[in-house]
1. Helix 92-105 against the longest principal axis of the chain: what's the angle in degrees, Cα atoms only, rounded to the nearest 10?
2. Given the whole protein assembly as supplied and a 1.4 Å probe, what does the accessible area of Y14 come to in Å², nearest 10?
3. Work out the FRET efficiency for R89 and H139 from their Cβ-Cβ distance, taking R0 = 41 Å, and round it to the nearest 0.05.
4. Using helices alone, what [θ] at 222 nm do you get for the chain, with -39,500 (n - 2.57) per DSSP H run of 4 or more residues, divided over all residues and rounded to the nearest 500?
5. What residue among V40, V159, V87 shows peak mean-square fluctuation when the chain is described by a Gaussian network model with Cα springs under 10 Å?
6. Given a 1.4 angstrom probe, what's the average accessible area per residue across the chain, in square angstrom?
7. Pairs of alpha-carbon atoms within less than 8 angstrom and 6+ residues apart define the contacts here; what relative contact order does segment 119-220 have, in percent?
8. For segment 1-138, give the percent of accessible area contributed by carbon and sulfur heavy atoms, probe 1.4 Å, rounded to a whole number.
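The values are calculated or read from the model by the stated rules, or taken from the named source; none is laboratory data. What you are looking at is a predicted structure, and each value in this text was computed from that prediction instead of being measured. Reconstructed Cβ throughout: ideal geometry from the backbone, glycine too, with neighbour counts over all protein chains shown. Surface accessibility is based on the protein's heavy atoms, side chains included, excluding ligands, DNA and RNA. Shrake-Rupley method; radii C 1.70, N 1.55, O 1.52, S 1.80 Å.
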Amino acid sequence: SKPGFALALLNLGYIAKTRGQLDEAEAIYRRAIECDAEGVEARANLGHLFLGQERFAEAGALFAEVRQRQQGLLDIDLGYLLTLLQVPRRDWAVCEALLRELKGRLADWSAASDDFAVVSIAALRLGELGALLLRNKLHKCAELALWAAVVLDADLADVRRLLAEVLFAQGNYWKAVAQLEAVLLAAPQDGQTFRRLGDCYQQLGVQEAAEMCYARSGGS
């Protein structure tokens, strides 16, 4: 059946993505959408592929389609929120409504204040959500929540460190580097962050940079 063929394509698309063959993964996911026009999984996968490439408008359009077809998918809702936050002139009322919708569905998050009208408070709440999702081993959703938090408030050093840990665990070392370097701009004596930055550079094979970071960390 065509939906069955779509499932095979989804597996091929995932393999291509993990190999870094992003153009091939995109083409495969588009074929999967054609094979299963009403399905959500291929659209979701393509949306996340675009999000990883920071193609926010294209990702947002796909996430919006998925949300119309199926409600309550946390990774889709958080991905959609991220795309809304990246618009140059963001509509905060829409973002706030989505945050309230999320809070209403997530029992564990309901203890948090629902004051999302102030952007800096919304950023703190998203950071808390990211930490909660990480404790629940929902790593991709945690990454999205933490990413949204630092988009809203670039000064959340603890959130950036946590996001860097998630990215490091996924093998996204360059993205982890960007978060750690942002922390060090504000806290240039932070030995623990220098140590983790050194770990990233070591994984990337940039040994000289790794050694410099370890030296700056206090010799650990």
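1. Tilt relative to the chain: about 80 degrees.
2. 140 Å²
3. 0.85
4. So the calculated ellipticity at 222 nm is -24000 deg cm²/dmol.
5. Ranking V40, V159, V87 by mean-square fluctuation puts V87 first.
6. 51 Å²
7. 18 percent
8. 53 percent
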